[in-house]
Amino acid sequence: MTSAVLLRLRRALGATLVMGVGLGGLALSVTSHNLASEARAMVAAQLGVPLDAVRLERAVLHPLWALQLDGLQVPLGDHVAGVRRLTMELDPVAALRGRARPRRLIAEQVTVARGTIERIEAVLPEGGRTRLLLSRLHVEGQPLAPKLGLHAMQVSMELHHGRVSRLAASGVLLGGLGPAGLLLRSEEDGLVLRGAMAGAHMTIEAGPGRAEANIDMDRLRLPFRLNPWVDLSDTRISGQLALHTEGPWGAPLWEDGAVVLRGAVALSDLALRHPALTRNALPHLAMLLDGELHLARTQAGLRAWTPRLSLSMGELRLSLSGELERRPDGGLRVSTDLVLDEVDCAQLLQALPRHLIPHLDGLGVRGQLGGQIHLSFDTRTLPEVDVRPSVDIGCQVIGDPPQANARTLLDDRLSIERPGADGQLRRLPLGPRAERAPGVPPFQSLRGLPWPVVRTFLVAEDNQFYQHRGFDVQMIIRALGMDLKEPASLRGASTVTQQVAKNLWLGNERALGRKLEEAVLAWRLEQVVPKERLLEVYLNLVELGSGIYGISMAAQHYFGKPPHKLTLDQAAQLAALLPAPRRGMDEAWARRYRDILHRYGTASVPGPGSHGSGAPSTR
């Protein structure tokens with residue numbers, strides 16, 4: 001309840017106040033059903049809410065010039081605010097004249113959305129000045145950061161005509177961090193806020209049309225897990241941040257104005273765990289973030305741009321520049337450039353967390369790597385995207401990783417274990433002299449397969465296999481455009497070489513770490529393994545059903561014949577099982593089967609001997 005509410009009570013409660021207060025200290029307290037009804041009506045009118053949305057257990061008028069409301073509940077946005085007891089001490093002289101002018105308000109056990117306040121005391125002297133004292137304030141963290149709760153032992157405020165002129169807080173804890181102190185004061189041209197907490201110092205100055213904020217951090221510690229993916233328990237943060245805004249006084253940060261954030265922040269011993277990165281936790285991360293970011297709201301929507309945002313991890317340095325514009329209809333226009341500063345290949349590998357790329361542990365490299373990628377698109381014209389990579393890979397391998405050694409593919413005794421439909425491991429041959437489990441078909445050489453059968457799989461999965469060096473850039477660009485247009489149905493863009501790396505060593509995890517490993521291993525496979533051998537291993541290892549691996553096992557399982565006797569139609573049926581072989585022959589499979597048959601007659605598929613030579617396509 002505010003002073004405005006109490007003034008509106010005057011007309012409805014004036015007679016009752018005169019009777020109750022006029023008896024002085026001799027009278028008993030007055031409790032009236034009509035008093036409670038009138039109080040509810042005034043609260044509802046003041047807040048602009050329906051009368052039945054306001055709950056009040058009882059109202060008591062004490063003889064010592066105090067009005068007491070118990071069990072008050074009012075709607076506050078999407079939530080309900082509650083006050084166990086609200087006591088208003090009234091000016092006795094004004095009360096005798098039939099005016100409800102409060103001198104002091106005391107609210108006990110206040111509950112609001114995601115927070116509680118044990119006690120609020122407001123002193124309302126003459127002259128439009130108000131003093132507020134809040135005791136034991138608690139606000140819960142938001143869903144994405146539940147540990148980032150706010151606690152304060154005491155908060156005192158002075159207001160002049162509704163505007164804060166001074167605020168002081170003591171015993172402040174933010175997510176268990178503190179205690180801290182805050183001091184805000186009003187000046188002629190705005191407000192100044194200063195605070196200090198566990199190694200961080202903050203100053204905010206705000207006035208008509210502008211605001212400035214500066215935060216200095218010196219080994220700041222945040223002893224909590226921010227959310228299930230970010231653990232700051234042992235993290236140390238150092239650096240400076242500066243925020244500048246321009247816009248109408250009292251407007252939201254970028255309403256009709258602009259926001260500029262500049263600074264540099266160093267983090268050490270950061271721990272991350274998210275399935276989009278890797279299935280493993282990434283502990284003890286150290287990184288430096290620096291640059292500036294601009295935000296503005298324009299007639300076209302929200303615009304964000306940066307001349308430079310950089311991420312540094314060891315000798316690795318990535319820089320981003322560009323702009324993003326979000327239109328009122330929800331559409332996006334993006335234009336960015338990502339630059340990798342030239343770096344020693346060994347230092348780059350060392351900068352990446354071991355838990356992110358465990359299969360590359362032991363990889364020895366030398367040389368230099370650097371480059372940049374331009375990406376731009378507009379959601380109105382998707383799947384069309386503009387991607388222009390310019391990367392100089394000067395790395396040379398001087399030692400293969402033991403867990404994923406590309407040279408093992410040159411061994412004609414290579415074999416691998418995979419689970420059958422019954423879950424039992426079976427040894428599959430990947431070379432003519434390899435061991436195989438009982439019941440497993442023999443190794444199928446590439447030379448023993450008709451070209452139409454081989455070509456069908458290349459049409460389905462990688463029609464430029466004999467021309468690229470492990471990556472089909474155009475296929476990646478097309479998949480990116482379709483993924484941006486339909487994020488719910490992500491498409492792969494893996495070449496046969498990448499799938500060999502995945503099927504041999506990496507599994508089906510869809511994460512950034514696995515894609516990095518896949519890229520490096522595909523690059524290495526192309527260096528040491530002939531194209532024909534890569535394709536041969538792929539066709540003997542590819543999964544074509546639950547527990548069914550390789551074209552020989554699939555041909556026998558589905559058609560009861562060896563692979564060299566497959567017809568073009570049957571080969572298309574097998575190839576259509578990819579990339580989701582365990583889903584079976586459903587409607588999606590039927591559409592893909594028809595598409596493969598259609599593209600078989602039109603697609604350009606370079607054959608053996610055309611790798612890097614620009615030889616004519618074979619059909």
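The values are calculated or read from the model by the stated rules, or taken from the named source; none is laboratory data. All values reported here derive from a predicted model rather than from experimental measurement. Quick reminder, even Gly has a Cβ in these numbers, built from the backbone with ideal geometry, and neighbours come from all protein chains shown. Please note that ligands, DNA and RNA were not included when accessible areas were found on the heavy atoms of the full protein model with its side chains. Shrake-Rupley method; radii C 1.70, N 1.55, O 1.52, S 1.80 Å.
Annotations
- Contact order for the stretch 402-489, expressed relative to its length and based on alpha carbon pairs under 8 Å spaced 6+ residues apart, stands at 15 percent.
- Rolling a 1.4 Å probe across the protein heavy atoms gives the stretch 424-554 an accessible surface of 40 Å² per residue.
- Atom-type composition of the exposed protein surface of the stretch 504-558 places 54 percent of the accessible area on carbon and sulfur (1.4 angstrom probe).
- Here is the P(r) of the stretch 422-545: all C-alpha pair distances, binned every 10 Å from 0, give 12, 39, 35, 13, 2 in whole percents.
- Calculated FRET value between residue 585 and residue 516, using beta carbons and R₀ = 30 Å, to 0.05: 0.35
- Here the label points at residue 532 and residue 287, each 7 Å from Cα along the C-beta direction, are separated by 4.6 nm in the simple model.
- Within a straight-line Cα-Cα reach of under 27 Å, residue 485 can be paired with the following lysines, leaving aside sequence neighbours fewer than 8 residues apart in one chain: 502, 515.
- Taking the inverse of the mean 1/r over every pair of distinct Cα atoms in the stretch 320-452 gives a Kirkwood hydrodynamic radius of 19.8 Å.
- Surface composition of the stretch 380-493: carbon plus sulfur atoms hold 51% of the accessible area, using a 1.4 angstrom probe and ignoring ligands, DNA and RNA.
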